[in-house]
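**Q** Below: one structure in structure tokens.
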Amino acid sequence: MLFKTYLQQVASLSEEEWEAASSVFIRDTYPKGAYYIREQQYCNKISFIEKGLFKLFYLHEGDEKIMMFFSEQQFVTDYFSYLTRTPSVRPIQAVEDSVVYSIFRDDLEALFNTSKSWERIGRLLSERSYIISVQRANRLLHDDPDTRFDALMREQPELLQRVPQYMIASYLNVKPETLSRIKRRRMGLDSIKPSVHDPIDPDLT
């Protein structure tokens, strides 16, 4: 199981520690377009993505602003809602058919208290979430569009093949036509036909 392998790499869980976890993690499926969490719902769970892709976003004057993508071997949740026990202001939606292993907050906190391995997993999750959030905010505040695109190509190049161009543009905080110009400059795409992903996907609007 990919989930078990991932946890073993992070904290070298014993069989007993894994067995304690396997009884409280729940396998969930989210078809494309389904919501992991809706606006004004309290996000009381965190999920490991075994397969699929999610987006965290908000609406500004009717326009969708994508803040984050979550994909395989990552944990998905609205961390602010999860930690503060307040309603979410940013929905999370499946961009692809997805399979996750979910655990509720109270069950996860109980696991953290059972062993140093689970305590380590909790600490690393918190650290990773903080680093990603600060890095994302810094890029939006300080980097120009070309630099943000370069970071995407370096860290998440698969997104260009998995999501429509308008979502990539939203994630980079640029207009779709600006993204097209950046791609041509950076990748020499002038002679390449438009991607099948470029049209707006009605299933996710």
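The values are calculated or read from the model by the stated rules, or taken from the named source; none is laboratory data. Treat the numbers as computed from the prediction; the structure is a model and nothing was measured. With ideal geometry, Cβ positions are generated from the backbone for all residues, glycine too; neighbour counts draw on all protein chains shown.
**Q** Which number in (1) over 18 Å from the mean Cα position of the chain (by Cα); (2) in contact (Cβ under 8 Å) with a residue 12 or more places away in the chain; (3) over 18 Å from Ser98 (Cβ atoms) marks the one condition that His60 misses?
**A** Going through (1) over 18 Å from the mean Cα position of the chain (by Cα); (2) in contact (Cβ under 8 Å) with a residue 12 or more places away in the chain; (3) over 18 Å from Ser98 (Cβ atoms) one by one, His60 breaks only (2).
**Q** Which of the residues that make up the stretch 48-75 are under 21 Å from Gly122 (Cα atoms) and of a type in the set (A, V, I, L, M)?
**A** Within the stretch 48-75, Ile49, Met68 qualify.
**Q** If you don't mind, there's one more thing I want to ask. Quickly run through the stretch 77-98 and pick out the residues that are without any contact (Cβ under 8 Å) to a residue 24 or more places away in the chain and of a type outside the set (S, T, N, Q).
**A** Once the filter is applied, which keeps residues that are without any contact (Cβ under 8 Å) to a residue 24 or more places away in the chain and of a type outside the set (S, T, N, Q), the stretch 77-98 yields Phe80, Leu83.
**Q** Taking Ile121, is it more than 21 Å from Gln161 (Cα to Cα) and not charged (D, E, K, R)?
**A** Yes: the conditions hold for Ile121.
**Q** Do we find a residue being among the small types (Gly, Ala, Ser) and either modelled with pLDDT of 85 or more or more than 28 Å from Thr114 (Cβ to Cβ) (or both) anywhere in the stretch 3-19?
**A** Within the stretch 3-19, none of the residues are among the small types (Gly, Ala, Ser) and either modelled with pLDDT of 85 or more or more than 28 Å from Thr114 (Cβ to Cβ) (or both).
**Q** Next question. Please tell me if Ser47 is small (Gly, Ala, Ser), surrounded by fewer than 21 Cβ atoms within 10 Å (Cβ to Cβ) and modelled with pLDDT of 90 or more.
**A** no
**Q** Could you please tell me which pairs satisfy a Cβ distance under 7 Å, a separation of 6+ or placement on different chains, a first residue in the stretch 36-57 that is within 24 Å of Leu172 (Cα to Cα), and a second residue that is charged (D, E, K, R) and in a strand (DSSP E or B)?
**A** Listed by first residue and then by second, the contacts come to Phe57/Glu64; Phe57/Lys65.
Here's the yes/no breakdown for (1) at pLDDT below 95; (2) on the phi < 0 side of the Ramachandran plot:
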residue: Phe25; (1), (2): yes, yes
residue: Tyr30; (1), (2): no, yes
residue: Tyr36; (1), (2): no, yes
residue: Gly52; (1), (2): no, no
residue: Lys55; (1), (2): no, yes
residue: His60; (1), (2): yes, yes
residue: Glu64; (1), (2): yes, yes
residue: Met67; (1), (2): yes, yes
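**Q** Same structure again: Tally up the residues in the stretch 2-21 that are surrounded by 12 or more Cβ atoms within 10 Å (Cβ to Cβ) and either over 20 Å from the mean Cα position of the chain (by Cα) or in a loop (DSSP other than H, G, I, E, B) (or both), please.
**A** Summing the residues that are surrounded by 12 or more Cβ atoms within 10 Å (Cβ to Cβ) and either over 20 Å from the mean Cα position of the chain (by Cα) or in a loop (DSSP other than H, G, I, E, B) (or both) in the stretch 2-21 gives 8.
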